[in-house]
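In what follows, a single structure is set out as structure tokens and then discussed.
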Amino acid sequence: MADKLRVGIVGAGGIAQHAHIPNYLKVSDRVEIVSICDVVLDMAKKTAEKFDIPNVFSSVDEMLAGPELDAVSICTPNKFHKDASIAALRAGCHVLCEKPPAMSVAEAEEMANAAKEAGKYLTFGFHYRHSKEVDTLKRFVEAGELGDIYAATAIAMRRRGIPGWGVFTNKALQGGGPLIDIGCHMLDTALYLMGYPEPTMVLGATYQELGTRKGVGLLGDWDYQNFSVEDMARGFVKFANGATLVIESAFAANVQLNDEMNVKLMGKEGGANVFPLTIYQERHGALVDVSPVYLPDVSAYEREIKRFVDACLGGEPPISTPEQGVKLQRIINGLYQSAETGETVKL
Ligand SMILES: NC(=O)c1ccc[n+]([C@@H]2O[C@H](COP(=O)([O-])OP(=O)(O)OC[C@H]3O[C@@H](n4cnc5c(N)ncnc54)[C@H](O)[C@@H]3O)[C@@H](O)[C@H]2O)c1
């Protein structure tokens with residue numbers, strides 16, 4: 001490998017420009033962004049100019065056939081995660097693929113198999129895992145402060161937060177709405193803190209009550225006439241170890257808060273809310289809340305990219321694995337299946 005990690009970017013839109021590229025640039029002593037591609041060539045060109053990226057392509061295959069790369073960030077809509085990730089893995093690159101892993105369980109499995117065959121890392125952009133709150137709470141959980149965690153709630157609820165840009169309301173390109181888009185973040189966070197237990201059964205329901213009509217848009221005006229995803233999803237998950245998880249996720253719902261992202265954990269020795277980080281315990285005959293007065297202030301995206309770079313350069317392996325990606329996808333797609341059939345789904 002060259003002195004620096006040679007990185008390529010697939011998809012030059014929002015997340016590439018706001019999270020991946022700027023944070024690779026923060027570790028430019030160890031990383032060189034060599035290439036970028038986007039099916040909209042002009043988008044790739046503009047982004048390349050903005051960040052001074054030398055090589056521009058209009059497809060992932062052309063990019064992989066160009067100057068040699070060691071690692072690739074996949075920042076396309078969900079539908080293209082699988083093909084782009086597999087192409088990059090087969091070209092000998094480590095892959096950081098944006099969340100969710102894929103559109104279906106079969107796709108996530110194919111990606112995991114490709115990573116195994118290539119002997120390269122495949123990890124996902126679950127940046128909340130790298131937030132100071134989750135990073136800290138994970139250490140408390142591992143030290144036994146919560147005991148066995150037997151119940152969790154994952155919340156990703158927006159009052160009127162239907163994205164007015166991108167393809168987030170297009171089921172064919174994204175695989176679903178808030179559940180697969182923002183719900184997957186809090187679901188992954190809960191599972192990560194619980195030790196990724198084996199899911200056995202799900203029951204889900206989805207709604208499309210507000211997204212298909214004109215209304216207040218706190219994230220811009222969305223295309224309500226072509227709104228093909230759910231605007232809210234609710235679900236219940238059972239695990240082989242007896243634990244259960246409740247999830248609720250919405251782009252739009254008549255709730256108090258404009259934007260609520262949280263995970264609540266209940267363990268035998270303690271519980272926790274992730275945002276703001278607070279641990280609930282019974283100690284010496286008292287009920288106490290433990291909350292940090294200092295946490296190192298590193299952004300979640302910055303830590304995610306730095307850890308990916310570290311891993312590619314021979315450091316600790318990524319904390320988000322392809323096998324966890326498959327497990328998460330089984331839950332998400334199981335919830336959608338349950339919503340469609342009205343039945344519980346055994347996983
Ligand atoms: N981690 C997070 O919090 C977070 C936040 C936003 C988006 N995302 C994820 O990032 C991904 C992209 O979202 P975004 O907001 O950047 O969308 P976006 O629409 O702003 O950008 C996506 C870009 O990909 C390009 N593209 C589409 N198909 C392509 C292909 N086959 N090859 C190359 N380029 C292609 C599009 O032309 C577009 O420029 C999604 O999977 C989304 O879930 C994650």
Scan of the stretch 1-26 for residues that are touching a Lys or Arg at 6+ places or on another chain (Cβ under 9 Å) and closer than 14 Å to Phe51 by Cα, ordered by number
Ala12, Gln17, Ile21, Asn23, Lys26
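When the residues of the stretch 176-216 are narrowed to those that are among the hydroxyl-bearing types (Ser, Thr, Tyr) and within 16 Å of the ligand (Cβ to nearest atom), which ends up surrounded by the most Cβ atoms within 10 Å (Cβ to Cβ)?
Thr189
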So if I check each of Val246, Val288, which one is open to solvent by 40 Å² or more (accessible area, probe 1.4 Å) and free of Cβ contacts under 8 Å to residues at least 40 places away in the same chain?
Val288
Restricting attention to the stretch 60-84, report how many residues are over 20 Å from Asn170 (Cα atoms) and within 6 Å of the ligand (Cβ to nearest atom).
1
Determine if the stretch 166-175 includes at least one residue that is open to solvent by less than 30 Å² (accessible area, probe 1.4 Å), in contact with a strand residue (DSSP E or B) (Cβ under 9 Å, 6 or more places away or on another chain) and in contact (Cβ under 8 Å) with a residue 60 or more places away in the chain.
no
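Name the residues in the stretch 98-111 that are near the ligand (Cβ under 8 Å from one of its atoms), more than 19 Å from Val40 (Cα to Cα) and not basic (Lys, Arg), would you?
Going through the stretch 98-111, the residues near the ligand (Cβ under 8 Å from one of its atoms) turn out to be 98-100.
Now drop any that are not more than 19 Å from Val40 (Cα to Cα), which leaves 99-100.
Within the stretch 98-111, Pro100 is the sole residue that qualifies.
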Identify, from the list Glu68, Glu110, the residue that is under 23 Å from the mean Cα position of the chain (by Cα), touching a residue at least 24 places away in the same chain (Cβ under 8 Å) and not assigned by TED's automatic domain parsing to the domain that holds Ile180.
Glu110
From the residues in the stretch 292-305 that are within 15 Å of the ligand (Cβ to nearest atom) and either open to solvent by 60 Å² or more (accessible area, probe 1.4 Å) or among the hydroxyl-bearing types (Ser, Thr, Tyr) (or both), which one is farthest from Tyr121 (Cα to Cα)?
Ser299
Here are the criteria: (1) open to solvent by 60 Å² or more (accessible area, probe 1.4 Å); (2) under 19 Å from Trp165 (Cβ atoms); (3) under 21 Å from the mean Cα position of the chain (by Cα). Tell me which single one Arg234 does not satisfy.
(2)
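Being within 22 Å of Ala300 (Cα to Cα) and touching a strand residue (DSSP E or B) at 6+ places or on another chain (Cβ under 7 Å) is the filter; apply it to the stretch 26-43 and report the residue that is farthest from the ligand (Cβ to nearest atom).
Across the stretch 26-43, the extreme among qualifying residues is Arg30.
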For Val255, which of the numbered conditions (1) in contact (Cβ under 8 Å) with a residue 40 or more places away in the chain; (2) closer than 17 Å to Lys132 by Cα; (3) in the same structural domain as Phe227 (by TED's automatic domain parsing) fails to hold?
(2)
By residue number, the members of the stretch 314-336 that are in contact (Cβ under 8 Å) with a residue 40 or more places away in the chain, open to solvent by 10 Å² or more (accessible area, probe 1.4 Å) and out of contact with any Leu (no Cβ under 6 Å at 6 or more places or on another chain) are Pro317, Pro318, Ile319, Thr321, Glu323, Gln324, Val326, Lys327, Asn333, Tyr336
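The values are calculated or read from the model by the stated rules, or taken from the named source; none is laboratory data. Computed from a predicted structure; not experimentally measured. Here Cβ is always computed from backbone atoms with ideal geometry, including for glycine, and neighbour counts include all displayed protein chains. Just the protein is used for accessible areas: all its heavy atoms, side chains included, with ligands, DNA and RNA removed. Shrake-Rupley method; radii C 1.70, N 1.55, O 1.52, S 1.80 Å.
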